[in-house]
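Notes for the one structure printed next.
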Amino acid sequence: MGPVLAGVLQLLALIAALALAHVPLGACMARVYSSDKHWRVEKWIYRGIGADPDTEMRWPAYLRGVLAFSAVSVFFLYLLQRLQGHLPGSLGFKSIDPDQAFNTAASFVTNTNWQSYYGEQTMGHVVQTAGLAVQNFVSAAVGIAVAMALVRGFALPHSRLRSSGGTPIRTGELGNFWSDLVRGTVRVLLPLSVVAAIVLVACGAIQNFSGIHEVGRFMGGQQQWNGGAVASQEAIKEIGTNGGGYFNANSAHPFENPTPFTNLFEIFLLLVIPFSLTRTFGIMVGSRKQGYAILATMVTIWVGFIALMMWTEFAHHGPAPQIAGGAMEGKETRIGVGASSIFAVSTTLTSTGAVDSFHSSFTGLGGGITMLGMQLGEIAPGGTGSGLYGMLIMAVIAVFIAGLMVGRTPEYLGKKIGTREIKFAACYILITPALVLVFTAAAMALPTPAHSMTNTGAHGFSEILYAYTSAGNNNGSAFAGLNADTQWFNSTLGLAMVLGRFLPMVFVLALAGSLAEQKPVPVTAGTLRTEKPLFTGLLVGAILIITGLTYFPALALGPLAEGLAS
């Protein structure tokens, strides 16, 4: 079997698995976030944190919950790292320096999971499990919670009754953040992660708390390695679209990703919740066809990017790629070009950032595809929750564009898209590009950051652009040629992660509150049918054009220049 055919067959198997999981998982999440009942363990958690899960919140209160929880999470994760040298299970590693501790705390709380350190040489068992793994769960749950708030903004009519007791819910209320956070963690992420971890252990991933031990002697020196709760962290790393690896080689390491099967399984894990959330969306707004329209948009972009990536990696000119059957530099021989291409596209079109190959070693155009995937806003299918609310924001923009073309007030899901709503949506799509381009320009203009680049010219610029694209979009993958463990990069990348995560959430929740306050408008003959293929095409076009106009000059200086010169 040729490598191209193997890649195509793996893609088809992945699509079939995602299709099988789409309906049951999407329906399950709709029930989770629509239920009024609380599990006993959830009630214990509510008592412990002092939250009333039945109190409905308007968008400012919901936002305060998101920001307060995230701020406390950053503080405790930072403190845990600073105290590592005094904690049991530290494996003899010292406490983390302040700038790197801030960077890592901001990274994992914002669901970015950027790592400017060697995981197996820096973090002990306590920080890995009690700090980083916990944030893998709750940061993903925060993203889903914000997405559910926006969905409720579209779904709620002017007023309705609570299903239990008939208690009226006032206009503009979006649910309860603490309830959404706990349910997402306990009912969705935790069960899926347990099953996934068992599968990974059965396939060869390690799961232990062993210390550092010698594994062999190579080239006259000792080779030492430490164990860890790798399979459990790998599971939530992919399911929660987090991406931070236990080892520096991430999902290219055989302890994390032992076989070609686990490689495909991990791609499935990082895609299954974002794709299934479109089903949840369709059920909650009362129209499954609307969910299918969003799903079709995501799938079109995802498959298109994979096709482009495979073409660039298989068809690259040169004697070495021709002999190897593709551009094998930086890729695992046990995984191959096709599977590595699928993984690279999937991890950058979501907010995962896990890698099974080094993106810096991809062809010039291939590296550009990974960057463009993040620059789209990671919405195809995007992160857990963040992909759905990012795509819905783009749907609002597309509806507005359609309204301008026909001279009609735009509507989406029965809600008018007026001046206030479009301002919130416009601010959302401007925040991240501003962060990425301003920080990239500053890094290239100052003398010190440039010393961190391994390469010069177009590839060196791509290293800087990729780093801030990854941080601002909360992806976390790296171009592998940049030394980011400096005070400048630890500080500015940490700031880009925090602002890139929470400023967009402000506008998402503000939009959700504005929509929830509206009375639904009836469907008429002039209403744009947003469940039709025509709207899907309009939405795909709007996404590509907006991103292209925003980032094309920067891409032309980096990956495009490198790709055209090769």
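The values are calculated or read from the model by the stated rules, or taken from the named source; none is laboratory data. Quick caveat, the model's predicted, so the values are computed rather than measured. Heads up, the Cβs are rebuilt from the backbone with ideal geometry, glycines too, and the neighbour counts pull from every protein chain shown. To get the accessible areas, we keep the full protein, side chains included, count just its heavy atoms, and leave off ligands, DNA and RNA. Shrake-Rupley method; radii C 1.70, N 1.55, O 1.52, S 1.80 Å.
Summary of values
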{"quantity": "For region 87-99, Karplus couplings with θ = phi - 60° (6.51, -1.76, 1.60), whole Hz, Gly/Pro x", "calculated": "9, x, x, 7, 6, x, 6, 7, 5, 7, 4, x, 5"}
{"quantity": "Out-of-range pairs (alpha-carbon distance over 25 Å; input 43/415; 289/416; 43/289; 415/532)", "calculated": "43/415; 43/289"}
{"quantity": "Solvent-free Debye scattering, log10 I(q)/I(0), computed from the Cα coordinates of region 428-527 at q = 0.11, 0.16, 0.18 Å⁻¹", "calculated": "-0.43, -0.68, -0.80"}
{"quantity": "Full-extension gain in nm, residue 75 to residue 6, via 0.36 nm per residue minus C-alpha separation", "calculated": "20.2 nm"}
{"quantity": "Region 239-292: Cα Rg divided by the 2.2 N^0.38 Å rule of thumb", "calculated": "1.54"}
{"quantity": "Rg(Cα)/(2.2 N^0.38 Å) for region 316-426, N = residue count", "calculated": "1.47"}
{"quantity": "Largest-first ordering by accessible area, 1.4 Å probe, given options 36, 52, 180", "calculated": "52, 36, 180"}
{"quantity": "When region 450-505 is reduced to its Cα atoms, the Kirkwood hydrodynamic radius in Å", "calculated": "11.4"}
{"quantity": "Residue 438 paired with residue 404, simple spin-label distance in nm, labels 7 Å along Cα-to-beta-carbon", "calculated": "2.4"}
{"quantity": "Accessible-area composition of the chain, carbon plus sulfur, in percent [1.4 Å probe]", "calculated": "67"}
{"quantity": "Label-point gap, in nm, between residue 68 and residue 31 - each point 7 angstrom along Cα→Cβ", "calculated": "3.2"}
{"quantity": "Tensor-based shape of region 1-151 (alpha-carbon gyration tensor, a/c under 1.5 rounded, otherwise prolate or oblate)", "calculated": "oblate"}
{"quantity": "Stokes-Einstein D for region 375-414, Kirkwood Rh over Cα pairs, 20 °C, 1.002 mPa s (µm²/s)", "calculated": "198"}
{"quantity": "For the chain, the Rg and Dmax computed from alpha carbons only, in angstrom", "calculated": "22.8, 78"}
{"quantity": "Radius 15 Å from Cβ of residue 329, net charge of other residues (Lys, Arg +1; Asp, Glu -1)", "calculated": "-3"}
{"quantity": "Solvent-accessible area per residue for region 13-62 (1.4 angstrom probe, square angstrom)", "calculated": "58"}
{"quantity": "Candidate residues 413, 20: accessible-area rank, largest first, probe 1.4 Å", "calculated": "20, 413"}
{"quantity": "Using θ = phi - 60° and Karplus 6.51 cos²θ - 1.76 cosθ + 1.60, couplings along region 470-479 (whole Hz; Gly, Pro as x)", "calculated": "5, 6, x, 9, 6, 8, x, 6, 10, 8"}
{"quantity": "Amide proton proximity set for residue 412, modelled H, under 5 Å, gap of 5+", "calculated": "417"}
{"quantity": "Amide proton proximity set for residue 384, modelled H, under 5 Å, gap of 5+", "calculated": "351"}
{"quantity": "Largest to smallest accessible area among 47, 279 [probe 1.4 Å]", "calculated": "47, 279"}
{"quantity": "Table column - 3J(HN,Hα) (Hz), region 533-540, Karplus curve with 6.51, -1.76, 1.60, x for Gly and Pro", "calculated": "x, 4, 5, 4, x, 4, 5, 4"}
